[in-house]
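The values are calculated or read from the model by the stated rules, or taken from the named source; none is laboratory data. Here the structure is a predicted model, which means the values were calculated and not measured. We place every Cβ from the backbone using ideal geometry, glycine too, and count neighbours over all the protein chains shown. What goes into the accessible areas is simple: the full protein's heavy atoms, side chains included, and nothing from ligands, DNA or RNA. Shrake-Rupley method; radii C 1.70, N 1.55, O 1.52, S 1.80 Å.
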Amino acid sequence: MRDQRAADPTARPLYQLTLEEARTEDLRSIRAGGGEPQPVAQVENTTIDGPGGDLKIRIYRPHTTQAQPPALVYFFGGGWTLGTMDTSDGVCRALTNKAGCVTISVGYRLAPEHKFPAAVEDCQAALTWLAENAANLGVDKDRIAVGGDSAGGNLAAATTLITRETGPHLIHQLLIYPNTDYRSTTPSLHENTDEALFNAKSVDWYWRHYLSTPEDGDHPLASPLRADSLAGLPPATVITAEYDPLRDQAEQYADRLRASGVDVELTRYSGLVHGFFTMSGVLDAAGHAVDHAAGRLDAAFTAALVP
């Protein structure tokens, strides 16, 4: 994402900080750009049994008259290394309200303490838990979507590859400028080199924390673009930013989904940088993008009600 400290000439990029410093600064900058969080009907923090022990989740409930509202499972961004459920709090609240869905944010394990595929396993565990407990949670088990931004978009794409084989059935995937290919050498990686912004060095820094070996990057659950087939995956909304090193690989993924027979809407936001989706407090375009994403989710949830 754009480093909110860019106006400070003494500031260093996140990848030049210690891990602890980077985590603190990342959360601070996102909060600074996110604006005032929207109120929702209810927020509940709880834990479920995860592959690595207790797995934190946060459940956002909308004001709704639906007896069984749909559900969105959302994964925060941060290069699998930074971020918490607080990172995506503003986005989750907005999507909950605008799409009329129960949103479950997942506090998956972070690298480098927990390397690939720990985060994928946690995200899939949360999806499975939701489906198995839909009745108790009061949500419609037949209207579940998945989404995330940046590394969260990568995790969302990875979970669709798993659920295609094992369930639960997903009706939509919302992918916000996702990483899709560890081996990517596309033009956007080489064009976006501004040290005050998320750049190719940032991408490499995150991958080095996430993967135990470079060979792990070839696994489709790390690099969904490398999956043998994308056929049979849920319809997708893919959002990219013009000045983002991940732009091309995200758009390549959208193109490949479409070529595999998946219904895809791809939108590139001109003049914007990686991370803009969480910056609705300072960027009007971010609010428009969140509204658009919520509209796509709402349409998918509504269509799933038709017999």
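The table for this structure:
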| quantity | calculated |
| --- | --- |
| Answer residue from the stretch 198-207, given it is in contact with a Ser or Thr (Cβ under 9 Å, 6 or more places away or on another chain) and assigned to a helix (DSSP H, G or I) and is surrounded by the fewest Cβ atoms within 10 Å (Cβ to Cβ) among those | LYS201 |
| Residue in the stretch 299-306 that is within 26 Å of SER184 (Cα to Cα) and either touching a strand residue (DSSP E or B) at 6+ places or on another chain (Cβ under 9 Å) or open to solvent by 10 Å² or more (accessible area, probe 1.4 Å) (or both) present | no |
| Any hit, the stretch 142-155, residues being part of a helix (DSSP H, G or I) and more than 22 Å from ASP26 (Cα to Cα) | no |
| Verdict on THR24 being free of Cβ contacts under 8 Å to residues at least 24 places away in the same chain and either under 15 Å from the mean Cα position of the chain (by Cα) or farther than 26 Å from ALA135 by Cβ (or both) | yes |
| Qualifying residue in the stretch 228-238 (condition: open to solvent by 50 Å² or more (accessible area, probe 1.4 Å), at pLDDT 95 or above and in contact with a strand residue (DSSP E or B) (Cβ under 9 Å, 6 or more places away or on another chain)) | no |
| Residue list for the stretch 239-294, restricted to those being open to solvent by less than 40 Å² (accessible area, probe 1.4 Å), assigned to a strand (DSSP E or B) and either of a type in the set (S, T, N, Q) or on the phi > 0 side of the Ramachandran plot (or both) | THR240, THR267 |
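Let's see how each residue does on (1) modelled with pLDDT of 95 or more; (2) open to solvent by 20 Å² or more (accessible area, probe 1.4 Å); (3) of a type outside the set (D, E, K, R):
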site: ASP142; (1), (2), (3): yes, yes, no
site: ALA151; (1), (2), (3): yes, no, yes
site: PRO178; (1), (2), (3): yes, no, yes
site: THR193; (1), (2), (3): no, yes, yes
site: GLU215; (1), (2), (3): yes, yes, no
site: ASP218; (1), (2), (3): yes, yes, no
site: ARG226; (1), (2), (3): yes, yes, no
